[in-house]
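*Asks:* First, the structure itself, so that you have it in front of you.
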Amino acid sequence: MFLNKIAQERSTFVVSLSFEDENGISIIPDSLTWSLFDKEGGVINSRLNVVMNTPTEVTDIFLNGDDLQLSNSESELRVKRFLVAEAIYTATNGNPYPIKDEIIFFIENLKV
């Protein structure tokens, strides 16, 4: 999924996650983790399998500071990032099911 909002380098950016079951009904996952990657698959700011202790129907992930820092080699006007969310929810039949989604967003490379 692509986000329409563009993050500003070294600022704060909120990614809101929500999940649905197989019938399109909003759910609260039993567990939720997320990871942040650059376009080569490198982990950004040690953000690998970050646990969200109390996921809700809509869970906000706040990225800031080093999460949105660009390296000197990233000279494009906008730099692509990937946030991967992984959740488990228990369906009405009692079985746990995995959910995995990739959220793609861009960081605007500020020159100052």
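*Asks:* Taking the condition touching a Lys or Arg at 6+ places or on another chain (Cβ under 7 Å) and either in a strand (DSSP E or B) or not small (Gly, Ala, Ser) (or both), does Ile107 pass?
*Replies:* Details: touching a Lys or Arg at 6+ places or on another chain (Cβ under 7 Å): yes; either in a strand (DSSP E or B) or not small (Gly, Ala, Ser) (or both): yes.
Taking the combined requirement at face value, the residue satisfies it.
*Asks:* Same structure again: Test of understanding: among Leu70, Leu48, which residue is assigned to a loop (DSSP other than H, G, I, E, B), out of contact with any helix residue (DSSP H, G or I) (no Cβ under 8 Å at 6 or more places or on another chain), hydrophobic (A, V, I, L, M, F, W, C) and surrounded by fewer than 14 Cβ atoms within 10 Å (Cβ to Cβ)? If you could, list the steps in order and put the result at the bottom.
*Replies:* Working: Leu70 fails: surrounded by fewer than 14 Cβ atoms within 10 Å (Cβ to Cβ).
After ruling out the rest, the residue left standing is Leu48.
*Asks:* A further question follows. Could you check, for region 78-88, whether at least one of its residues is part of a loop (DSSP other than H, G, I, E, B), touching a residue at least 24 places away in the same chain (Cβ under 8 Å) and out of contact with any Lys or Arg (no Cβ under 7 Å at 6 or more places or on another chain)?
*Replies:* Let us first name the residues in region 78-88 that are part of a loop (DSSP other than H, G, I, E, B), namely none.
Within region 78-88, not a single residue is part of a loop (DSSP other than H, G, I, E, B), touching a residue at least 24 places away in the same chain (Cβ under 8 Å) and out of contact with any Lys or Arg (no Cβ under 7 Å at 6 or more places or on another chain).
*Asks:* Determine which member of the set Gly65, Gly42 is small (Gly, Ala, Ser) and on the phi > 0 side of the Ramachandran plot.
*Replies:* Numbers: Gly42 fails: on the phi > 0 side of the Ramachandran plot.
Result: Gly65 is the single residue among Gly65, Gly42 that is small (Gly, Ala, Ser) and on the phi > 0 side of the Ramachandran plot.
*Asks:* Please find, within region 12-34, the residue that is farthest from Phe82 (Cα to Cα) out of those that are assigned to a strand (DSSP E or B) and β-branched (Val, Ile, Thr).
*Replies:* Going residue by residue through region 12-34, those that are assigned to a strand (DSSP E or B) are 12-20, 26-27, 31-34.
Next cut, β-branched (Val, Ile, Thr) only: 12, 14-15, 27, 33.
Numbers: Thr12: 16, Val14: 13, Val15: 11, Ile27: 23, Thr33: 14 Å.
Residue satisfying both the conditions and the ranking: Ile27.
*Asks:* So in region 73-112, with the set limited to residues that are polar (S, T, N, Q) and surrounded by 12 or more Cβ atoms within 10 Å (Cβ to Cβ), which one is nearest to Lys39 (Cα to Cα)? Don't jump to the end; show me each part of the working.
*Replies:* The initial filter retains those residues of region 73-112 that are polar (S, T, N, Q), namely 73, 75, 90, 92-93, 95, 109.
Then drop every residue that is not surrounded by 12 or more Cβ atoms within 10 Å (Cβ to Cβ), which leaves 90, 109.
Values: Thr90: 32, Asn109: 15 Å.
The selected residue is Asn109.
*Asks:* Among (1) surrounded by 13 or more Cβ atoms within 10 Å (Cβ to Cβ); (2) in contact (Cβ under 8 Å) with a residue 60 or more places away in the chain; (3) within 18 Å of Ile99 (Cβ to Cβ); (4) touching a strand residue (DSSP E or B) at 6+ places or on another chain (Cβ under 6 Å), where does Met1 come up short?
*Replies:* Condition not satisfied by Met1: (1).
*Asks:* On the basis of being more than 17 Å from Phe2 (Cβ to Cβ), touching an Asp or Glu at 6+ places or on another chain (Cβ under 6 Å) and either assigned to a loop (DSSP other than H, G, I, E, B) or of a type outside the set (Ser, Thr, Tyr) (or both), does Ile99 make the cut? Write out each step before concluding.
*Replies:* Working: more than 17 Å from Phe2 (Cβ to Cβ): yes; touching an Asp or Glu at 6+ places or on another chain (Cβ under 6 Å): no; either assigned to a loop (DSSP other than H, G, I, E, B) or of a type outside the set (Ser, Thr, Tyr) (or both): yes.
For Ile99, the condition - more than 17 Å from Phe2 (Cβ to Cβ), touching an Asp or Glu at 6+ places or on another chain (Cβ under 6 Å) and either assigned to a loop (DSSP other than H, G, I, E, B) or of a type outside the set (Ser, Thr, Tyr) (or both) - is not met.
*Asks:* While we're on this one: Of the residues that sit in region 36-45 and are touching a helix residue (DSSP H, G or I) at 6+ places or on another chain (Cβ under 9 Å) and within 16 Å of Ile104 (Cβ to Cβ), which one is surrounded by the most Cβ atoms within 10 Å (Cβ to Cβ)?
*Replies:* First, the residues of region 36-45 that are touching a helix residue (DSSP H, G or I) at 6+ places or on another chain (Cβ under 9 Å): 36, 44-45.
Subsequent filtering for residues that are within 16 Å of Ile104 (Cβ to Cβ) retains 36, 44.
Details: Leu36: 22, Ile44: 20.
Result: Leu36.
*Asks:* Let me ask something else. Name the residues in region 79-93 that are among the aromatic types (Phe, Trp, Tyr) and modelled with pLDDT under 95, would you? Break it down stepwise before answering.
*Replies:* Here is the first cut: in region 79-93, the residues among the aromatic types (Phe, Trp, Tyr) are 82, 89.
Once the filter is applied, which keeps residues that are among the aromatic types (Phe, Trp, Tyr) and modelled with pLDDT under 95, region 79-93 yields only Tyr89.
The values are calculated or read from the model by the stated rules, or taken from the named source; none is laboratory data. All values reported here derive from a predicted model rather than from experimental measurement. Neighbour counts run over all protein chains shown; Cβ positions are idealised from the backbone, glycine included.
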